[in-house]
Amino acid sequence: RKIFLEVPMSKPIIDEDCCKGCGRCVSACMKKCLEIAADHLNAAGLKPVRYVGEGCVGCGMCFYNCPEPYAIRVER
C-alpha cells in the first residue's frame, strides 16, 4: 500500500527592486531553485534573483540568508 503525503506548494516571492543580487539566497537554497537573472536589471541597475519556477519546499533558507529587509519572502 502506498501512502502519499500532501505537500503544500511553496514559492519565494522576490521584490526585484529591493534585491541587490548578492546571491546569498541562491547559495543557501538546498533545492537550487533560485538564480541570478542574466537577462534584465532592476531599478537600481543590478541583476536581481529570480525563482526558476519549481522545486521550492518552503524551508525559508533564502529568507533567512537575505541581508535586505523585504527583498524575499516565502509564500505557502
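The values are calculated or read from the model by the stated rules, or taken from the named source; none is laboratory data. Predicted model, so just to flag it, every value in this text is computed and none were measured. A quick note on method: Cβ atoms are made from the backbone with ideal geometry, for glycine too, and the neighbour counts reach across all protein chains shown. Ligands, DNA and RNA are stripped out before the accessible areas are found, and what is left, the full protein with its side chains, is counted by its heavy atoms. Shrake-Rupley method; radii C 1.70, N 1.55, O 1.52, S 1.80 Å.
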Q) Among (1) open to solvent by less than 60 Å² (accessible area, probe 1.4 Å); (2) touching a residue at least 60 places away in the same chain (Cβ under 8 Å), which single condition is Glu75 missing? A) (1)
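Has segment 53-61 got at least one residue that is outside any loop (DSSP other than H, G, I, E, B), at pLDDT below 95, open to solvent by 40 Å² or more (accessible area, probe 1.4 Å) and acidic (Asp, Glu)?
no
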Q | segment 21-52 - residue that is out of contact with any strand residue (DSSP E or B) (no Cβ under 7 Å at 6 or more places or on another chain) and small (Gly, Ala, Ser) and, of those, least open to solvent (accessible area, probe 1.4 Å) | A | Ala28
Q. Can you tell me how many residues in segment 32-51 are under 24 Å from Arg76 (Cβ atoms) and modelled with pLDDT under 95?
A. 0
Q | Residues of segment 62-72 that turn out to be among the hydrophobic types (A, V, I, L, M, F, W, C) and open to solvent by 70 Å² or more (accessible area, probe 1.4 Å), as a count | A | 1
